[in-house]
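The values are calculated or read from the model by the stated rules, or taken from the named source; none is laboratory data. This structure is a prediction, so every number in the text was calculated from the model and none was measured. Backbone-built Cβ (ideal geometry, glycine too); neighbour counts: all protein chains shown. Remember, those area values only see protein heavy atoms, side chains included, never the ligands or the DNA or RNA. Shrake-Rupley method; radii C 1.70, N 1.55, O 1.52, S 1.80 Å.
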Amino acid sequence: MLQVETSKKTFIEFSEPTECKIWFASDEQEELVLAVEQLKKSAGQSPRFTFCETPDEANVILIHTNTDAWGWEAVKAIRTKPEHFLKTCLLLTQKHLAATADIVDQVLYWPLSPAVFFEALGKVAQFNEKLARLAEIPNSIGMLGLRKVLLLRYLYTRDPCVLLARRNFQSAAGYTYPLMQLLFNVEAGQEFNIIQSLEESQLLTSKLIDRVHICPFCEHAQINFRELCPNCNALNIGEETTIHHFRCAYVGKESEFKQDLELSCPKCSRTLEHIGVDYDKPAEVLWCNDCKHNFADPKLSCFCLACGKSFDPEDAFVRQIGDLTLTLEGFRAAEDGLLPGHGVISILKKELGFYKKEVFVEYLNLEASRCQRYKYHSTLARLNLKPLDEALGHKDIKNSRRLRNELSTIVNQTFRTTDLFTDLSSGEILIIFTNTDCGRTKVAFERLGESLSKLLNTRLNIEFKLLDLAREDTDLAKFWESLR
Ligand SMILES: [Zn+2]
Ligand SMILES: [Zn+2]
Ligand SMILES: [Zn+2]
């Protein structure tokens, strides 16, 4: 056990002798030698730091540069590779490098005191601990799935667990998440489809920081809001004081009335002397130079600078921009290395709330002993959602609000708030119907099948298995084992 005094006069304890394996890269070779020497000297007293030859063996990446572009490329080379993405990246610099700072874990300013350096490395210990809790990601998840899990794991291992949206005028959405750009290898602004799918699956949640108006034709945020003549839609409008002559009811621009120092009506040639008596100044001070129309409020119109189309402001899409953080479901997916099913299961989860498997088993055992002791019936059901997902496969459930709403209604008619749910990696779900015997559960599922068949216009068979929890011979342990 080794203790290091940090700048905050607290002690960080390290139990592993070589838990920080550092890979060091710099664009200034001479300074690199000096920097490494100094860091090695301060680290030399401790056996828990080693410097590696390649990033492959390292768990800490230390980038030393004073150039933002070089720093960005160096960190990008690390963060775009799934095997390196989660590694702690530290930037060592003398300058403020805004772009690179966004994609590293911490910026360390040179000259660097050993205490600050040790403190930064101290976080790696906590980080490694969190990493050790994570299950292996199965190959079957695919490249996109792998990257989604890595994003969740990035948030899972970082403190604070948040991914900040960054203003970016080159992004079609006006904002970007630089780390996602690297991880998913997309242009700024293309991350939003991925975010949407993760939010749909209830894995991410966002804290609103802005609403961006988006062109409904090309989904670009470069919109010019224009004021037009409400009569002829001309752009050529101007503001000028308006005068209304009571006597002859003529309304015109002040410049038409001005004659030397007097106001004279261009229609009836009378002199206007007293405001409120001879004339007044209406609120309609805008004039169209094309059709001469006079008005108080211009018509607002949107012109997309990206695709050149015009549309009404109320037709613009509004994109919610937020800082991203994990939901409980997201924490779970990060730990398990699995993404929950889409489609039906995401709706069920949203409507009903699912328990973690371990918690569900606790409830199951409790309910079974209650049923056997007090002689009432509860049912454990195992429901296969695959036929339903297949039937929904060709329907765009993600974007069809109507379909989602109708599915939600059916789900809420079938299940009660007292029922308990969990999902299995096979795509099946387990449900405890409290105080309901197998007969009534069967009827409920048959009704569910009928409602869904009607909604989807296809004959749908709901596949399920039921188990009576009141039966003395119910061997839940064996049943549970059979699920694995
Ligand atoms: Zn006009
Ligand atoms: Zn007049
Ligand atoms: Zn457009």
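Legend: residues Leu452, Leu144, sorted from most to least accessible area (1.4 Å probe; ligands, DNA and RNA excluded), read Leu144, Leu452. The chain has equivalent-ellipsoid semi-axes of 57, 43, 18 Å, by the square roots of 5 times the alpha carbon gyration tensor eigenvalues, sorted largest first. Over the chain, Cα pairs under 8 Å with separation of 6+ residues give a relative contact order of 12 percent.
Placing a label point 7 Å from the Cα of Asn66 along the Cα-to-Cβ direction, the residues of region 86-125 whose backbone N falls under 19 Å of that point are 91-101, 107-113.
With labels modelled as points extended 7 Å from the Cα through the Cβ direction, what inter-label distance (nm, one decimal) is found for Glu351 paired with Val116? The two pseudo-label positions are separated by 5.5 nm.
Taking other residues whose beta carbon is less than 15 angstrom from the beta carbon of Ile237, and scoring Lys, Arg as +1 and Asp, Glu as -1, yields -2. Within the chain, helices built from complete DSSP H runs that reach 18 Å or longer along their own axis (Cα positions) and carry a mean Kyte-Doolittle hydropathy of 0.5 or higher are 142-157. To the nearest 10, the accessible area of Arg153 is 20 Å² with a 1.4 Å probe. Across Arg226, Arg471, the residue with the most accessible area heads the list, and the full order at a 1.4 Å probe is Arg471, Arg226. Accessible area per residue for the chain, computed on protein heavy atoms with a 1.4 Å probe, is 54 Å².
Annotation: Thr325 carries an accessible surface of approximately 40 Å², with a 1.4 Å probe and no ligand, DNA or RNA atoms counted. Distance between the pseudo-spin-label points of Thr325 and Asn139 (7 Å out from Cα toward the beta carbon): 3.8 nm.
In this calculation the C-beta distance from Asp27 to Phe317 is compared with R0 = 25 Å, giving a FRET efficiency of 0.05. Remark on Leu460: its backbone amide H falls under 5 Å from those of Ser453, a criterion applied only to residues 5 or more positions apart or on other chains, H modelled at 1.01 Å from N. Under a 5 Å amide H cut-off, with hydrogens placed 1.01 Å from N, Asp278 pairs with Glu273 among residues at least 5 apart or on other chains. Using alpha carbons only, how many angstrom separate the centre of region 295-356 from the centre of region 217-258? A separation of 38 Å, based on Cα centres. Extension gain for the segment Arg440 to Gln413, taken as residue separation times 0.36 nm less the Cα-Cα distance, is 8.3 nm to one decimal. Phi angles across region 275-283 convert, under the Karplus curve 6.51 cos²θ - 1.76 cosθ + 1.60 with θ = phi - 60°, into 3J(HN,Hα) values of 5, x, 9, 8, 7, 9, 10, x, 6 Hz, Gly and Pro given as x. Taking 0.36 nm per residue of separation and subtracting the current Cα-Cα distance, fully stretching the chain between Ala99 and Leu305 would add 71.5 nm. Summing +1 for each Lys or Arg and -1 for each Asp or Glu among the other residues whose beta-carbon sits under 15 angstrom from that of Ile223 gives -2. Remark on Leu204: its backbone amide H falls under 5 Å from those of Glu199, Thr327, a criterion applied only to residues 5 or more positions apart or on other chains, H modelled at 1.01 Å from N. Within the assembled protein chains, the solvent-accessible surface assigned to Thr327 is about 30 Å², based on a 1.4 Å probe.
Which FRET efficiency value, to the nearest 0.05, do you get for Thr458 and Val359 by plugging their Cβ-Cβ distance into 1/(1 + (r/R0)^6) with R0 = 35 Å? That pair, Thr458 with Val359, gives E of 0.50. Apolar share of the accessible surface for region 223-313: 45 percent from carbon plus sulfur atoms, 1.4 Å probe. Given R0 = 51 Å, the distance between the Cβ atoms of Arg270 and His213 translates into a calculated FRET efficiency of 0.55. List the residues of region 280-318 whose backbone N lies under 17 Å from a point placed 7 Å from the Cα of Asn224 along the Cα-to-Cβ direction. Inside the label zone: 299-313.
The listed residues Asp102, Asp419, once ranked by accessible area (1.4 Å probe) with the largest placed first, stand as Asp102, Asp419.
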